Structures are given as C-alpha cells and as structure tokens.
Amino acid sequence: MSFIKLIAHILFIIFLTVLTQVGGIIWLLTIIISKNKDWKKRYVFPIVYLIFNLLLIPPIAKQFGRERLPWFHNDLVPRNWFYPLTFRNYVNPELKQMLIESTKNCEFKITYLDACFPFYNGFPLLPHLSHNDGKKVDLSFMYLNKDGKPTEQKPSNSGYGAFIKDANMPCTDNGHWQYDFPKHLSFGINTQLQLDKKRTRILLKALLSKSETQSIFIEPYLKRDLKLQNEYRIRFQGCHSVRHDDHIHLQIKQ
C-alpha cells in the first residue's frame, strides 16, 4: 500500500468514526476482507455496513445500555434515513420507552433527529455538545402547510436550520458565531411551512407529563408564544450552544 493510500485510509477512518462512531471499524474490516482491492471494497463495504447496522450493533449496544430508536414505527419516526443509517439513533431504554409512550398522547407522528451513538458515555456526537450519554434526543416541531392545515412535513431536509423566527437573535449579535450555524446544515428549506403551535404544544406537554423528563431546550420567545411560561423544565440552552427554534432538545434525568 502506497503512503498516499495509507493516509487516505486513515483520514477516511477518522471521518467515518466521527460521523458514525463504528464506521471506521467497518472500513478496516472491509480492507481486510477485500484484501485491499479497490473493486472489491465498493461491494464489500455497503454489505458489511448494513449487516453491522441492522443485525450486529443493536444487540451489542444493549450490553452498553443503549437501544436503537425505530426506523419504521407508526408514530415515532426518523426525519430521514441519515440518522438511523449513521448509528445516531441510539438512546437508553428509559428514553426510548418514554418516547414511545409519548406518542400515545399525540394524534400525530413524533419525528426524531440526532440522538446518541450506540457505545460509551462521553463519546462526542458532533456537532452537538451533550449528545454523549444516551439521555438526549432532538425532536422536530410540528408544522402547517401553505393552506394552514396540519402536515407531517418538515421545513428542512435535515430537520435543522429552518428557524421559526427569521431574524438575528441576541446571541448572534453578541458575537456567538455558532449560534445560528445550523442554517448551513438544512440541506434545503421549504419556506411554505409554518409552525403548528397547537400540535407543538401538545407534543411538549406530552413530554412534560413524563416524570423522566429533566429539561427541554427551546428559545425563550417560543416558550412564551406556546404559553408554556410556567413550565420550569423548559429552559434556555445559553449562548454557548446553537439556536433551538428549529428543533426541540429533550433530555431525561441522570
């Protein structure tokens, strides 16, 4: 193997590890199986990756206290295939059960975004600051279509970056450049959708009805608009983080 190829492999392993936690190991296994023949890697990698994703990692993750959020469920669904395919949909059993139970209080689907990786507390799930212990998950708001009717659609393809309030926020004015950075991660926005305050409030109340809920992060103006000022567990995440008027951050008790 040439030096340039070696460096390329190392960089790809680092990239896959940062993105998926276990993808780097899968790539190493692919190299071994394919005996470093490029044409074989193209076929071996996706097959081995799917075997790990669908069959091997879920039972192993249970030994680490993590369970996979469902790919296909009547009421709890990922925003798109990216989150489950990149192993970013793992939480502890209590949070998973709580989310499934919360769907019973809602007459609509709950859509999840980034949760946590399958293994080890403290392993960072970038670009998040705290999704590293199986006790946090991001959820989408509920929306109305251009005719003002409830829809399961979401305004951004990633689930992030479509802010409810199209204006600079106090934290961005104070030099916290990262605060509205998710706008660069939307991967396309449907500007015809608007926040469904009624169903979003129902969702938040369903989460707050669970004793496991420790805190929920949304922007202060949304807390006021949704008439949830008295809910002490709904908090402002601070300027060190990113805006939370494009998604809900939920975390349960330690």
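The values are calculated or read from the model by the stated rules, or taken from the named source; none is laboratory data. Bear in mind that the values here come from a model prediction, so they are computed numbers and not experimental data. Please note: Cβ atoms are built from the backbone with ideal geometry, for glycine as well, and neighbour counts cover all protein chains shown. Note: accessible area is taken over every heavy atom of the protein model, side chains too, but ligands, DNA and RNA are not part of it. Shrake-Rupley method; radii C 1.70, N 1.55, O 1.52, S 1.80 Å.
Brief remarks on what is shown
- Selection of region 66-76 for residues being open to solvent by 30 Å² or more (accessible area, probe 1.4 Å) and modelled with pLDDT under 95 yields 71, 72, 73, 74, 75.
- Among residues of region 82-106 that are more than 27 Å from residue 51 (Cβ to Cβ), those with a Cβ under 8 angstrom from a residue that is part of a strand (DSSP E or B), sequence gap 6+ or separate chain, pair up as 94/252; 98/213; 98/252; 102/110; 103/76; 103/110.
- Pair list, Cβ < 9 Å and 6+ apart or interchain, from region 24-45 residues that are over 25 Å from residue 117 (Cα atoms) and outside any loop (DSSP other than H, G, I, E, B) to residues that are of a type outside the set (Val, Ile, Thr) and at pLDDT below 80: 33/40; 33/41; 34/40; 34/41
- The one condition in (1) part of a loop (DSSP other than H, G, I, E, B); (2) touching a strand residue (DSSP E or B) at 6+ places or on another chain (Cβ under 9 Å); (3) open to solvent by 40 Å² or more (accessible area, probe 1.4 Å); (4) modelled with pLDDT under 90 that residue 183 fails to fulfil: (1)
- Yes/no for residue 233 being over 17 Å from residue 114 (Cα atoms), out of contact with any helix residue (DSSP H, G or I) (no Cβ under 7 Å at 6 or more places or on another chain), at pLDDT 95 or above and open to solvent by less than 60 Å² (accessible area, probe 1.4 Å): no
- Taking every residue in region 202-228 that is assigned to a helix (DSSP H, G or I) and pairing it with any residue that is among the small types (Gly, Ala, Ser) and open to solvent by less than 40 Å² (accessible area, probe 1.4 Å), at least 6 positions away or on another chain, the pairs with Cβ-Cβ distances below 7 Å are 206/102; 207/102.
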